[in-house]
Amino acid sequence: MTTVADRTVGAFPDEAAPSDRAFLMDVMRATPGDSRLGMCIQCGTCGGSCPSGMDMDHSPRQVFAMIRAGMREEALSSNTPWYCVSCYYCTVRCPQEIHITDIMYSLKRMAIEADLFEEDKAAGFSQSFVGHVDNYGRSFELGLATRHYLRHQPLGLMGKAAFGLGMYRQGRLDLTPQKIDHMDQLKAILKKAKELDEAEA
């Protein structure tokens, strides 16, 4: 059966050897729906839109270039997917409508399966973020930043105090986590998503 990945990979036939394209197609097949990864024109809009870009080893554009070049180990070892905060800003702004955030989730799963996942600060940041969403339905910025700095950069926490105070004075920082309404509905959605993911594994 011809898949979306099979049809789209021909967007750049002269760019990589068939053996290199194997990784590209693996990523596309691991991403639900039509990821449109083969349509990337390397414009860099994604990296310029990313609020976590400064902490990433590589911009999303660079990761996609590594995927297209067949650099499996390098791409899966990058901390880029782990710093993705799932804001979908890159996806909304992408002129090719590539499902960038979904691809980042695929790369995380593939990194773990390939044993290229490391319990480092990027992965810890990602896990803390997901934990807050699971419990409250949204991120809790103060708790996320405090936990991250205490675990990985305790001396750097004091340097962020003035920044945090300024956000609090402007009403942009909550001191306690706030749950969204209808949390039971979100939990049902997340449970179903996990069941579907396990069924595909």
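Structure above, values below:
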{"read-out": "Criterion (at pLDDT 95 or above, among the hydrophobic types (A, V, I, L, M, F, W, C) and not in a helix (DSSP H, G or I)) met by exactly one of Ile67, Ile98", "value": "Ile98"}
{"read-out": "The listed residue being without any contact (Cβ under 8 Å) to a residue 60 or more places away in the chain and surrounded by 11 or more Cβ atoms within 10 Å (Cβ to Cβ), out of Leu175, Leu190, Leu155", "value": "Leu190"}
{"read-out": "Only listed residue being at pLDDT below 85, of a type outside the set (Val, Ile, Thr) and surrounded by 15 or more Cβ atoms within 10 Å (Cβ to Cβ), chosen from Ala123, Ala111, Ala75", "value": "Ala123"}
{"read-out": "Looking only at region 143-152, and only at residues there that are of a type outside the set (Ser, Thr, Tyr) and surrounded by fewer than 16 Cβ atoms within 10 Å (Cβ to Cβ), the one that is modelled with the lowest pLDDT", "value": "His152"}
{"read-out": "Test: residue in region 72-80 that is under 30 Å from Leu175 (Cα atoms), not in a loop (DSSP other than H, G, I, E, B) and not assigned by TED's automatic domain parsing to the domain that holds Phe163", "value": "yes"}
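The values are calculated or read from the model by the stated rules, or taken from the named source; none is laboratory data. Since the model is a prediction, treat every value here as computed from it, not as a measurement. For neighbour counting, all protein chains shown are included, and Cβ atoms are generated from backbone atoms with ideal geometry for every residue, glycine included.
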